[in-house]
1. In square angstrom, what is the accessible area per residue of the chain with a 1.4 angstrom probe?
2. Let me see the P(r) profile for the stretch 15-123: every Cα-Cα distance counted, bins of 10 Å, each bin given as a percent of all pairs.
3. At a 10 angstrom cut-off on C-beta neighbours, averaged per residue, how do the peptides 46-54, 103-111 rank from highest to lowest?
4. Helix 22-45 sits at what angle to the longest principal axis of the chain, using alpha carbons and giving 0 to 90 degrees rounded to 10?
5. Tell me the net charge near Gly127. Cut-off is 14 Å between Cβ atoms, Gly127 excluded, with +1 for each Lys or Arg and -1 for each Asp or Glu.
6. Hey, what angle do you get for helix 50-72 against the long axis of the chain, alpha-carbon based, 0 to 90 degrees rounded to 10?
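The values are calculated or read from the model by the stated rules, or taken from the named source; none is laboratory data. This structure is a prediction, so every number in the text was calculated from the model and none was measured. Counting neighbours? That spans all protein chains shown, and the Cβs are built from the backbone with ideal geometry, glycine included. Accessible surface areas use protein heavy atoms only, side chains included; no ligands, DNA or RNA. Shrake-Rupley method; radii C 1.70, N 1.55, O 1.52, S 1.80 Å.
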Amino acid sequence: MPRDHSREQPQWLFARHRALTTRQLLRAYGVLCLFSTAIAAAFALRGLWYIPVFSFAELGLVAVALLYYLRHARDYEHIALRDGELIVEQVRAGRCRRHHFAPWRTRIVVPQGTRQLIRICDLRAGGMQVAVGALATPERRRQVAQELRALLPSPP
């Protein structure tokens, strides 16, 4: 008796690795602000008023950097082969872009260099092209591209 094919639908997720949660990051910034403000106040009491100016400028720049980090902390790329369709979902700074590809007219370009991304190309005239794998290591990109190539039918 022949075996049924698995109903499992393959998918891949590339996400940022975060060392700190948002709460931990805000606590660390709060401690930095308290420490820096205390030192700046001590210098201001001694008559050195330019030290607090530089201290607050530093805290402002650190705040801008942390806001940028928090904005991109939840970025991810998701590739799934579902119901005869290849779906690529990319989330950057809270904005989601979703691309749909027909597997029989999709070509996967395996990255050769360490900085190259996986390219998913629609073979229709003027078809779209999506680069994925920015959040993965070069080895993982190559592995996923080869797995995708093996799963998709060969284009005509």
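1. Value for the chain: 71 Å² per residue.
2. Distribution as computed: 12, 26, 21, 16, 13, 8, 4, 0 percent.
3. So the peptides 46-54, 103-111, ranked by packing, come out 103-111, 46-54.
4. 20
5. Overall, the nearby charge balance is +3.
6. Compared with the principal axis, the helix lies near 20 degrees.
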